[in-house]
Amino acid sequence: MSRKIVIFDTTLRDGEQSPGASMNINEKVAIAKQLERLGVDVIEAGFAAASPGDKESIAEVSKVLEKPIIASLARAVKKDIEAAAEALKNAKRKRIHTFIATSPVHVEKKLGMSYEAVKEAAIDAVKYARNFTDDVEFSAEDATRSDWDYLCEIFEGAINAGAGTINIPDTVGYTTPQEYYDLINYILNKVPNIDKAVVSVHCHNDLGMAVANSLSAVLAGANQVECTINGIGERAGNAALEEIVMALKVRADFYKDCYTDINTKEIYTTSRLVSKLTGLKVQRNKAIVGKNAFAHEAGIHQDGVIKEKSTYEIMKPEDVGIDTSKLVLGKHSGRHGLEERLKELGYNLTKEQIDDLFVEFKKLADKKKEIYDEDLMALIEDKFKLI
Ligand code: KIV
Ligand code: ZN
């Protein structure tokens with residue numbers, strides 16, 4: 001039987017916490033629109049109480065998107081929840097994502113609270129957030145270094161208070177695939193009202209296991225995965241969306257026919273846009289979206305691929321939107337070629353706007369050999385602010 005895995009993208013919140021990755025409002029809106037085209041289910045657009053800029057960009061993203069649920073992070077305190085609700089007020093579908101830490105080091109050293117007080121704060125936060133929306137997510141920060149029975153107690157309370165999603169973050173990238181599997185399994189078996197909530201996972205990559213841990217959690221029964229484009233995020237980053245989605249697709253046989261609603265053909269464009277707007281380069285050998293991901297250098301491999309692609313390719317470049325046959329625009333491309341590409345990308349520009357853009361396009365083409373979709377998107381955003 002097939003099982004849908006909800007893709008919760010946090011590129012604009014946890015991803016933006018990558019050192020050097022901050023984005024302005026227009027850039028965030030451009031990425032949010034591309035995430036909608038990609039087909040993510042939930043977009044965490046920011047942390048409203050963190051800064052006025054964050055709050056404003058959540059509000060802007062909320063105004064322009066139709067399909068995905070827009071989420072704002074909020075600590076388990078009233079003023080954060082109110083800021084999140086305010087930022088999300090125009091969203092068609094909204095979620096407040098509230099969290100508090102549950103591990104001994106966080107509870108005792110960071111929060112200086114008793115375990116009972118943390119539990120109470122979590123329950124109060126969920127109840128308070130429910131005044132603003134029916135869709136509330138609760139996260140137990142540093143869950144993987146917390147006492148399992150205490151976690152179960154707090155999740156039971158959060159679900160009774162109205163949380164529709166409970167999230168089990170591996171905040172410091174500490175867990176292992178087998179251990180995380182066991183933890184998810186424990187929670188699924190021990191929390192009496194767990195069937196009333198979606199179980200979500202959120203993994204960091206400090207030991208390079210964020211994707212493996214997330215997939216292990218899916219096998220154990222988790223139904224939502226939190227991830228970022230290109231795996232950007234705090235320190236070593238978060239689980240990479242493109243790797244999770246393609247693993248579930250290519251190995252649906254192994255992952256018990258789990259599927260996502262991601263339009264995988266939009267993966268490459270999304271990856272390039274995020275890289276361009278954050279300034280964080282994608283390493284050449286990065287799985288799925290790196291420059292070398294589909295390159296075959298060794299003669300024996302090239303020979304095999306020419307005879308039969310599946311000898312060395314487990315997925316097609318076109319599956320992730322790398323169209324090997326597509327004409328790349330360059331300095332010899334004409335106005336007509338540009339116009340056609342803009343139409344394919346879904347832009348409805350006036351004749352004057354295209355004329356203007358063509359001038360900028362030629363200037364860029366003089367500096368850069370090949371102009372990709374995300375270069376065009378960045379030009380449009382720069383000139384007309386209408387992505
Ligand atoms: O890593 C983490 O614990 C988080 C939570 C706030 C969800 O990002
Ligand atoms: Zn995180």
Notebook entry, point to check: Looking at the stretch 100-126, which of the residues that are assigned to a helix (DSSP H, G or I) and among the small types (G, A, S) is farthest from A74 (Cα to Cα)?
Noted result: A117
Next item on the list: For the stretch 346-387, name all the residues that are under 20 Å from R37 (Cβ atoms) and among the small types (G, A, S).
Entry: G346, A378
Note to self: Among the listed residues E44, E56, E60, identify the single one that is within 20 Å of the chain's Cα centre (by Cα), buried (at least 24 other Cβ atoms within 10 Å of the Cβ), at pLDDT 95 or above and among the acidic types (D, E).
What the structure shows: E44
Notebook entry, point to check: Is it the case that some residue within the stretch 46-63 is on the phi > 0 side of the Ramachandran plot, touching a strand residue (DSSP E or B) at 6+ places or on another chain (Cβ under 9 Å) and in contact (Cβ under 8 Å) with a residue 24 or more places away in the chain?
Noted result: yes
Notebook entry, point to check: If you check V201 against the conditions, is it touching a helix residue (DSSP H, G or I) at 6+ places or on another chain (Cβ under 6 Å), without any contact (Cβ under 8 Å) to a residue 60 or more places away in the chain and under 28 Å from Y128 (Cα atoms)?
Noted result: yes
Checklist line | Which listed residue, of F8, F99, is more than 20 Å from I229 (Cβ to Cβ), in contact (Cβ under 8 Å) with a residue 60 or more places away in the chain and within 15 Å of ligand 1 (Cβ to nearest atom) | finding: F99
Notebook entry, point to check: Any idea which residue in the stretch 161-182 is farthest from the chain's Cα centre (by Cα), counting only those that are within 14 Å of ligand 1 (Cβ to nearest atom) and closer than 16 Å to F8 by Cβ?
Noted result: A163
Check: What about A71, is it within 16 Å of ligand 1 (Cβ to nearest atom) and more than 21 Å from the chain's Cα centre (by Cα)?
Finding: no
Margin query: Within the stretch 11-44, take every residue that is within 16 Å of ligand 1 (Cβ to nearest atom) and charged (D, E, K, R) and give me the one that is nearest to H97 (Cα to Cα).
Written below: E44
Item checked: Residues satisfying the stated conditions in the stretch 168-207, i.e. of a type outside the set (F, W, Y), within 16 Å of ligand 2 (Cβ to nearest atom) and farther than 19 Å from V6 by Cα -> T171, V172, G173, T175, N205, D206, L207
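Here is a yes/no grid of residues against (1) within 16 Å of ligand 2 (Cβ to nearest atom); (2) out of contact with any Lys or Arg (no Cβ under 8 Å at 6 or more places or on another chain); (3) at pLDDT 95 or above:
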| residue | (1), (2), (3) |
| --- | --- |
| V6 | no, yes, yes |
| K28 | no, yes, yes |
| A71 | yes, no, yes |
| A83 | no, no, yes |
| P104 | no, no, yes |
Margin query: Restricting to the stretch 208-259, give me the number of residues that are crowded, with 24+ Cβ neighbours inside 10 Å, of a type in the set (G, A, S) and farther than 22 Å from L273 by Cα.
Written below: 4
Next item on the list: Name the one entry in L12, L35 that is outside any helix (DSSP H, G or I) and either surrounded by fewer than 22 Cβ atoms within 10 Å (Cβ to Cβ) or within 15 Å of the chain's Cα centre (by Cα) (or both).
Entry: L12
Notebook entry, point to check: When the stretch 218-240 is examined, which residues are found to be more than 14 Å from ligand 2 (Cβ to nearest atom) and in contact with a Leu (Cβ under 8 Å, 6 or more places away or on another chain)?
Noted result: V218, A220, G221, I229, N230
Item checked: Subset of the stretch 314-330 [modelled with pLDDT of 85 or more and among the charged types (D, E, K, R)] -> K316, E318, D319
Check: Could you say whether any residue in the stretch 66-78 is part of a helix (DSSP H, G or I) and in contact with a strand residue (DSSP E or B) (Cβ under 9 Å, 6 or more places away or on another chain)?
Finding: no
Check: Is it fair to say R93 is within 15 Å of the chain's Cα centre (by Cα), more than 15 Å from ligand 2 (Cβ to nearest atom) and surrounded by fewer than 19 Cβ atoms within 10 Å (Cβ to Cβ)?
Finding: no
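The values are calculated or read from the model by the stated rules, or taken from the named source; none is laboratory data. Keep in mind the model is a prediction, meaning the values are calculated, not measured. Heads up, the Cβs are rebuilt from the backbone with ideal geometry, glycines too, and the neighbour counts pull from every protein chain shown.
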